[in-house]
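*Asks:* Sharing a structure with you now.
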Amino acid sequence: MSNENATLVALIGRPNVGKSTLFNRMVKRRDALVDPTPGVTRDRHYARVAWEEHPFVLVDTGGIDDEDDTITSHIRNQALQAIEEADVIFFLMDGREGLTPSDHEIVDILRRSEKKVFYIVNKIDSPDIEDRLLAPFWELGVDKLWALSGDHGYGYATLMEGLLPFLGRSDLAIELPENTMRIAFLGRPNVGKSSLVNSIIGQERMVVSNIAGTTRDSVDTLVSRDQYTYLLIDTAGIRRRGKTTDKLEKFSVLKALKAIGRCDIALVVLDAEEGITEQDTKVISYTQDQGRALIVLINKWDLIKEDKKRQQQLLLEVELALKFIPFAPVLKVSALTGTGIKRLFPEIGRVYRQFHQRFPTAVLNRLLAEAVARHEPPYYHGRRLKFYYTAQLGTAPPLFAVISNDPKGIHFSYQRYLTNCFREGLGLNQVPVRLLFRERSGRKK
Ligand code: GDP
Ligand code: GDP
């Protein structure tokens, strides 16, 4: 049994208080981890991380939404968004600059929320200045202040120990049967996510389990079909259950991220009539940043069934949006008429198997040797790159370590070449594949 409910931890605070520095420390960014899919690993403002094996999703809200005019309203919005959607809030203040009026304002807002908030005074680089830098912040009247140096690490372990009790807990605490395929329905409001879930449950002779649950952000339905079980995560669900007062539900990045964080396969649902929007593209790239499998569903196909020109135009749009993710299956469906729903589960099954597949090391090593023989790596600083061996580090997504004499010297295009060799050679044609280039340990250059 597994329990996969990642807590969402949000970093908020004024610009320059050190959010991204702390983010990087928590993520322990390893530069050697290369995802040679261009356009995918840009600036990351969120990540799946773990502390002592407790997984959580970390979001730097300051990096996500930059549409506001003034700084104060910007961080106020960050705070409101975090209060609504995060489980735990890290509110960072700048110990070197001291307390500012906008810190005061945000603390007032945060204090009225029921969320767990850590009030963090950052840039306290050593214990000897802690008392002095912390002093002005007691004026805020909060119970506890966390002294931290996101940059140097002072106070970091204490902070993370403090966080630990809040990880791995969320509103939904059901135990899933082993090998449950977790499928998240993502997309803008009204594209038909809930209709699809209903249509699937109705049409596919699913047995709906009575342990379906509800998180604050989604309605989860555990279903089984043949010998398989699926957790269907409907990110639109909540609205449906409440009064319909908030018809104008906003598309929520955090909600999408949270669902992505706990699924195997992200189903990004598009509206055939409306086509693909920037938000859709964003969600698609988030799924890849988090290394999820992706299936794109073009819903409401019934509306453009007769319009060949529109169909062509739409498929072209989708293809462009998936330029860097060509392996993602695209299905045309209609929740209304049931078109395409039957093909969905075989596709999910194929994608899931690839996503979780393991390969014998001998097969991988042969593949690597052949790939290198077929296309020799270029010289780097006057010496030939050597590849020694490879091994699978994990699944979901399939992750392989490739050991060489000089990982830094492997050109991007060669990394991509090798990734493609792995993808093709292993038949992983529908899921993301990651290669991690590493130096042989225990040896001098
Ligand atoms: P953000 O805008 O909140 O994401 O802040 P950044 O992480 O980009 O940091 C802003 C500046 O503060 C940078 O120059 C960092 O080097 C510096 N900084 C961040 N954390 C610390 C810290 O713990 N100690 C000190 N002395 N400087 C820090
Ligand atoms: P959600 O907000 O993404 O969950 O979207 P809903 O499932 O609530 O659907 C939004 C609207 O689209 C509803 O009025 C549905 O009846 C309609 N709808 C959903 N799927 C289809 C479809 O395949 N074809 C058509 N024509 N309408 C659909």
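FYI, it's all coordinate maths here, none of it is from the lab. This structure is a prediction, so every number in the text was calculated from the model and none was measured. Every residue, glycine as well, gets a Cβ built from its backbone with ideal geometry; the counts of neighbours run over all protein chains shown.
*Asks:* What FRET efficiency do you get for ASP108 and ILE129 if R0 is 41 Å and r is their Cβ-Cβ distance, rounded to the nearest 0.05? If you can, show how the numbers build up before the last one.
*Replies:* Details: r = 27 Å, r/R0 = 0.66.
Between ASP108 and ILE129 the formula returns 0.90.
*Asks:* May I ask you to list the residues of the stretch 310-350 whose amide nitrogen lies under 14 Å from a point 7 Å from Cα along the Cα→beta-carbon direction of LEU303?
*Replies:* Inside the label zone: 310-311, 314, 333-337.
*Asks:* Which entries in the list LYS115/LYS282; LYS309/LYS332; LYS193/LYS282; LYS258/LYS342; LYS323/LYS386; LYS123/LYS258 go over 23 Å, if you measure between the two C-alpha atoms of each? Walk me through the numbers before you get to the answer.
*Replies:* On the way: LYS115/LYS282 27 Å; LYS309/LYS332 15 Å; LYS193/LYS282 17 Å; LYS258/LYS342 28 Å; LYS323/LYS386 31 Å; LYS123/LYS258 29 Å.
Over 23 Å apart, Cα to Cα: LYS115/LYS282; LYS258/LYS342; LYS323/LYS386; LYS123/LYS258.
*Asks:* Starting from 0.36 nm per residue, how many nanometres of slack lie between HIS411 and THR395 once their C-alpha separation is accounted for?
*Replies:* Full extension of this stretch gives 3.3 nm more.
*Asks:* Distance from the Cα centre of the stretch 333-404 to that of the stretch 46-61, in angstrom?
*Replies:* Measuring centre to centre over Cα atoms gives 25 Å.
*Asks:* At 0.36 nm per residue, and after removing the present C-alpha to C-alpha distance, how many nm does the segment from ASN24 to GLU278 gain when stretched out fully? Kindly include the intermediate steps, with their values, before the conclusion.
*Replies:* Values: separation 254, 0.36 × 254 = 91.44 nm, distance 2.65 nm.
Gain on stretching ASN24 to GLU278: 88.8 nm.
*Asks:* Compute the length gained on full extension between LYS144 and HIS381: take 0.36 nm times their separation in residues and subtract their Cα-Cα distance, giving the result in nm to one decimal.
*Replies:* In short, 80.0 nm is gained.
*Asks:* Residues of the stretch 265-294 with backbone nitrogen within less than 17 Å of a virtual label 7 Å along the Cα-to-Cβ line of GLN313, please, listed as ranges.
*Replies:* Counting only backbone N, you get 271-278.
*Asks:* Related question: To make sure I understand, if each residue's beta carbon is the centre and we count other beta carbons within 10 Å, what order do TYR379, TYR46, TYR156, TYR414 fall in, fewest to most?
*Replies:* Starting with the residue having the fewest Cβ neighbours, the order is TYR379, TYR156, TYR414, TYR46.
*Asks:* Amide H neighbours of GLY394 under 5 Å, at least 5 residues apart or on other chains, H built in the peptide plane: list them.
*Replies:* LEU399
*Asks:* So which GluC sites (Glu not before Pro) in the stretch 315-424 pass both tests, a DSSP loop state and at most 14 other Cβ atoms within 10 Å of the Cβ?
*Replies:* Qualifying residues, ordered by number: none.
*Asks:* While we're here: Please give me, ordered by residue number, the trypsin sites (Lys or Arg not before Pro) of the stretch 87-174 that lie in loop per DSSP and have at most 10 other Cβ atoms within 10 Å.
*Replies:* Details: sites: ARG96, ARG111, ARG112, LYS115, LYS116, LYS123, ARG132, LYS144, ARG169; in loops: ARG96, LYS115, LYS123, LYS144, ARG169.
When the trypsin sites (Lys or Arg not before Pro) of the stretch 87-174 are filtered for loop state and at most 10 Cβ neighbours within 10 Å, LYS144 remain.
*Asks:* Which FRET efficiency, nearest 0.05, do ARG440 and LEU320 yield, Cβ-Cβ r, R0 41 Å?
*Replies:* Working from the Cβ atoms, E equals 0.50.
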